[in-house]
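Remarks on the structure that follows.
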Amino acid sequence: MADTATSAPGLSFPRATFAKLTPAPFLQAHLKQPQPIRPSGRKPDELREPVINTGSLSHSNGSAVVRLGDTSVVCGVRGEILLASEVPHPPNEDVSEEDLVENLGLLVPNVELSTGCSPAYLPGNPPSNSAQSLSWRIGSLLHASSLLRPDDLTISYTEPKSADMGPDEEPNTTVKAYWTLYIDILCISLDGNCFDAAWMAVMAALKDTKLPKAWWDADRESILCSPHANDARGLTLNSLPSTTTFAVFSTASPLKQRSEAESWVLADPDAFEEEICLESVTVALQGDKIVRIEKHGGPRVGKEAMDACVALASKRWEQLQKLGGSV
Amino acid sequence: MPPQITTSPLSRPDGSATYTDALSTVLAAVNGPLEVSRRDELPSEATLEIHVRPAAGVGGPRERWLEAVLHAVLRSVVLVHLHPRALVQVSLQVVREPAGGGVGLGKGRGEVAVLPALVNAAVLALVGGGVGLEGMLSAVLVAVGGKGELVVAPGVEVLEGCESLHAVACAAGGGLVMDESTGRFDLGVWGEVVERAREACLAAFASKGEDEAMANGDVEAEPWMRQVLEEKVRDANAWREST
């Protein structure tokens with residue numbers, strides 16, 4: 001590198017300078033190759049391999065660490081007891097079992113980005129707009145996919161049989177309390193696609209969650225929890241949905257002819273790509289059904305591109321099913 | 001029934017509009033180009049700022065999410081390069097939404113249901129405020145019922161029992177600018193939904209000639225958005241003709 005100072009200043013930049021000065025032409029130059037390749041060395045439709053670790057946090061009921069390239073996310077699930085007598089507006093009879101979890105707010109996801117994970121989010125600041133909207137998207141997908149069974153989260157009490165009860169009479173069963181699951185998601189390093197990583201972490205953490213055995217003690221009029229780990233039981237989860245995010249890079253500009261514009265769909269975008277791509281697509285699959293499509297920002301993804309996105313998303317789903325089996 | 005629209009209900013902002021359909025009412029106000037704070041300044045384009053206020057209470061994560069979606073959608077039609085280092089501010093007040101605050105419409109349906117109204121109100125206000133747009137844009141809500149039937153611009157009773165719900169926005173030229181879908185569906189259904197929604201969206205601002213090709217007995221086939229805007233232009237030019 002010593003002779004760079006002596007040689008005549010050329011008209012070319014080093015790679016990093018090119019990327020910093022004009023990010024969009026830099027990405028375009030990569031994708032224009034006969035074999036399109038992204039600056040990270042991945043193919044446009046190549047997803048990053050997730051690495052999932054569960055049960056790393058000892059003080060939470062369930063936890064997971066997910067690493068997706070340079071994005072790492074920690075998720076901890078903590079169960080707290082909500083007494084039925086303390087619910088200000090108890091759900092009335094006609095609320096279906098399925099809606100109970102959402103109605104009572106028994107799942108509380110929170111995404112924290114202000115951890116120093118990226119220069120874009122200053123540590124210690126209040127939750128930014130993107131952190132809030134991530135929390136919301138995770139919560140809404142949790143409810144939309146009806147992942148948890150409400151009876152897993154209810155603590156009920158069956159009154160003992162009294163002497164004046166007939167032999168056929170069933171004793172009364174009342175719901176005394178609910179488990180509220182606080183799902184805290186901390187992003188410890190952010191290199192794009194926080195949503196997919198966070199969602200994988202939530203899924204793995206919920207799978208790992210074990211709630212202690214809890215029962216209503218009629219004499220003390222309170223809920224007691226068993227200290228024995230053997231009594232704890234896991235949650236029964238429906239088939240776990242998986243999400244796949246795509247970014248769409250386009251050279252379209254209002255200053256150019258529309259026909260000149262080219263676009264590429266990039267699977268699992270990193271931070272550099274996310275910054276220059278205006279359009280994004282997220283597909284959430286549960287088995288062979290789509291539970292959510294979020295697509296906004298531009299007109300580039302039509303039917304054909306969506307077909308390709310969903311095909312790739314179902315590949316990711318199968319991959320996660322395999323990973324899920326081993327955790 | 002086509003949506004009910006009032007253009008320029010507010011006198012202070014540069015542009016404003018109210019949009020009412022079977023499910024929701026939204027009041028939109030647009031100001032711009034304005035001076036932008038140093039922190040948000042972009043050297044080559046205008047900053048787009050979206051504020052969504054719910055029908056009751058103060059905004060939370062749900063409104064931040066709606067703002068993020070609207071920002072991406074509007075950013076794709078507003079000619080932001082015309083006003084570098086400036087601010088275009090869009091404020092949206094939800095006046096009425098299905099099942100008041102989304103309590104009765106769980107599973108992400110309440111938010112998807114209110115999105116088309118927010119997009120349409122914002123576009124009408126942007127046009128009213130004279131902010132340059134690349135082309136028109138309109139949004140529509142499509143529900144897929146329990147028997148697989150498609151309902152364009154459904155009522156509340158359809159929402160409660162629907163299999164899936166899709167908020168779709170199309171720009172002039174037919175580009176799919178927004179699709180927020182929730183529920184349970186497959187790609188085939190999604191394709192049909194997008195096709196129907198595209199027809200409905202384009203019909204909203206089709207010119208009279210195109211309209212005939214678009215109309216296929218649909219409720220939304222009437223070019224309601226074009227009619228409203230044409231009427232507004234006529235009113236604005238009335239003084240010219242009278243002198």
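Out of segment B:71-89, which residues are in a strand (DSSP E or B) and either within 13 Å of chain A (Cβ to nearest Cβ) or surrounded by 19 or more Cβ atoms within 10 Å (Cβ to Cβ) (or both)? Give the steps one after another, and end with the answer.
Let us first name the residues in segment B:71-89 that are in a strand (DSSP E or B), namely B:78, B:86-89.
Of everything in segment B:71-89, those that are in a strand (DSSP E or B) and either within 13 Å of chain A (Cβ to nearest Cβ) or surrounded by 19 or more Cβ atoms within 10 Å (Cβ to Cβ) (or both) turn out to be B:Val78, B:Leu87, B:Val88, B:Gln89.
For segment A:162-175, indicate whether the set of residues that are more than 14 Å from chain B (Cβ to nearest Cβ) and crowded, with 22+ Cβ neighbours inside 10 Å is non-empty. Spell out how you get there, then give the answer.
Taking segment A:162-175 as the starting set, the residues that turn out to be more than 14 Å from chain B (Cβ to nearest Cβ) are A:162-175.
With crowded, with 22+ Cβ neighbours inside 10 Å added as a condition, the list becomes none.
No; the residues of segment A:162-175 include none that is more than 14 Å from chain B (Cβ to nearest Cβ) and crowded, with 22+ Cβ neighbours inside 10 Å.
For A:Leu224, state whether it is within 27 Å of A:Thr71 (Cβ to Cβ) and surrounded by 12 or more Cβ atoms within 10 Å (Cβ to Cβ). Even if it seems obvious, please write down each step before you answer.
Details: within 27 Å of A:Thr71 (Cβ to Cβ): no; surrounded by 12 or more Cβ atoms within 10 Å (Cβ to Cβ): yes.
So A:Leu224 does not fit the description; no.
I'd like to know if segment A:187-197 contains one or more residues that are away from every other protein chain (no Cβ under 14 Å), within 30 Å of B:Arg39 (Cβ to Cβ), surrounded by fewer than 23 Cβ atoms within 10 Å (Cβ to Cβ) and touching a Gly at 6+ places or on another chain (Cβ under 8 Å). If you could, list the steps in order and put the result at the bottom.
Restricting attention to segment A:187-197, the residues satisfying the condition of being away from every other protein chain (no Cβ under 14 Å) are A:187-193, A:196-197.
Okay, now just the ones that are also within 30 Å of B:Arg39 (Cβ to Cβ), so A:187-193, A:196-197.
Next, only the ones that are surrounded by fewer than 23 Cβ atoms within 10 Å (Cβ to Cβ) stay: A:188-189, A:191.
So of that shortlist, the ones also touching a Gly at 6+ places or on another chain (Cβ under 8 Å) come out as A:191.
The answer is yes, given that some residue of segment A:187-197 is away from every other protein chain (no Cβ under 14 Å), within 30 Å of B:Arg39 (Cβ to Cβ), surrounded by fewer than 23 Cβ atoms within 10 Å (Cβ to Cβ) and touching a Gly at 6+ places or on another chain (Cβ under 8 Å).
Is it true that some residue in segment B:57-68 is in contact with a His (Cβ under 9 Å, 6 or more places away or on another chain), free of Cβ contacts under 8 Å to residues at least 24 places away in the same chain and hydrophobic (A, V, I, L, M, F, W, C)? Don't jump to the end; show me each part of the working.
Taking segment B:57-68 first, the residues in contact with a His (Cβ under 9 Å, 6 or more places away or on another chain) are B:59, B:63, B:67-68.
Okay, now just the ones that are also free of Cβ contacts under 8 Å to residues at least 24 places away in the same chain, so B:59, B:63, B:67-68.
Restricting the remaining residues to those that are hydrophobic (A, V, I, L, M, F, W, C) gives B:68.
Yes, the conditions are met somewhere in segment B:57-68.
Testing A:Glu49 on (1) surrounded by 13 or more Cβ atoms within 10 Å (Cβ to Cβ); (2) closer than 30 Å to A:Asp208 by Cβ, one condition comes back false. Which one is that?
All conditions pass for A:Glu49, except number (1).
Take the residues of segment A:291-310 that are touching a Lys or Arg at 6+ places or on another chain (Cβ under 8 Å) and within 21 Å of A:Pro254 (Cα to Cα): which is farthest from the other protein chains (Cβ to nearest Cβ)?
If we filter segment A:291-310 for residues that are touching a Lys or Arg at 6+ places or on another chain (Cβ under 8 Å), which is where we start, we get A:291, A:294, A:297, A:301, A:306.
Filter once more, keeping what is within 21 Å of A:Pro254 (Cα to Cα): A:297, A:301.
Working: A:Gly297: 4, A:Val301: 7 Å.
Looking at the filtered set, the residue picked out is A:Val301.
So, B:Ala46, is that one buried (at least 20 other Cβ atoms within 10 Å of the Cβ), under 16 Å from the mean Cα position of the chain (by Cα) and more than 10 Å from every other protein chain (Cβ to nearest Cβ) or not? Show your work before the answer.
Values: buried (at least 20 other Cβ atoms within 10 Å of the Cβ): yes; under 16 Å from the mean Cα position of the chain (by Cα): no; more than 10 Å from every other protein chain (Cβ to nearest Cβ): yes.
No: the conditions fail for B:Ala46.
Evaluate the following for A:Leu181: is it within 20 Å of the chain's Cα centre (by Cα), more than 14 Å from every other protein chain (Cβ to nearest Cβ) and buried (at least 21 other Cβ atoms within 10 Å of the Cβ)? Don't jump to the end; show me each part of the working.
Working: within 20 Å of the chain's Cα centre (by Cα): yes; more than 14 Å from every other protein chain (Cβ to nearest Cβ): yes; buried (at least 21 other Cβ atoms within 10 Å of the Cβ): yes.
For A:Leu181, the condition - within 20 Å of the chain's Cα centre (by Cα), more than 14 Å from every other protein chain (Cβ to nearest Cβ) and buried (at least 21 other Cβ atoms within 10 Å of the Cβ) - is met.
Quickly run through segment B:56-70 and pick out the residues that are at the interface with chain A (Cβ under 7 Å from one of its Cβ atoms), more than 21 Å from B:Gly32 (Cα to Cα) and touching a strand residue (DSSP E or B) at 6+ places or on another chain (Cβ under 6 Å).
Once the filter is applied, which keeps residues that are at the interface with chain A (Cβ under 7 Å from one of its Cβ atoms), more than 21 Å from B:Gly32 (Cα to Cα) and touching a strand residue (DSSP E or B) at 6+ places or on another chain (Cβ under 6 Å), segment B:56-70 yields nothing.
Yes or no, residue by residue, for (1) surrounded by fewer than 18 Cβ atoms within 10 Å (Cβ to Cβ); (2) in a strand (DSSP E or B); (3) of a type in the set (A, V, I, L, M, F, W, C):
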| residue | (1), (2), (3) |
| --- | --- |
| A:Cys75 | no, yes, yes |
| A:Glu80 | yes, yes, no |
| A:Pro90 | yes, no, no |
| A:Asn125 | yes, no, no |
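Looking only at segment A:227-260, count every residue that is closer than 23 Å to A:Ser280 by Cβ and surrounded by 11 or more Cβ atoms within 10 Å (Cβ to Cβ) and tell me the total.
16
Just one of (1) touching a residue at least 40 places away in the same chain (Cβ under 8 Å); (2) small (Gly, Ala, Ser); (3) in a loop (DSSP other than H, G, I, E, B); (4) within 25 Å of B:Glu222 (Cβ to Cβ) trips up B:Ala167, so point out which.
Answer for B:Ala167: the failing condition is (3).
Mind checking which residues of segment A:259-290 are at the interface with chain B (Cβ under 8 Å from one of its Cβ atoms), among the charged types (D, E, K, R) and not in a strand (DSSP E or B)?
Result: A:Asp288, single match.
Coordinate-derived values only; no laboratory data. For clarity, every value in this text was computed on a predicted model and none was experimentally measured. Glycine also receives a Cβ, built like all others from the backbone with ideal geometry; neighbour counts cover every protein chain displayed.
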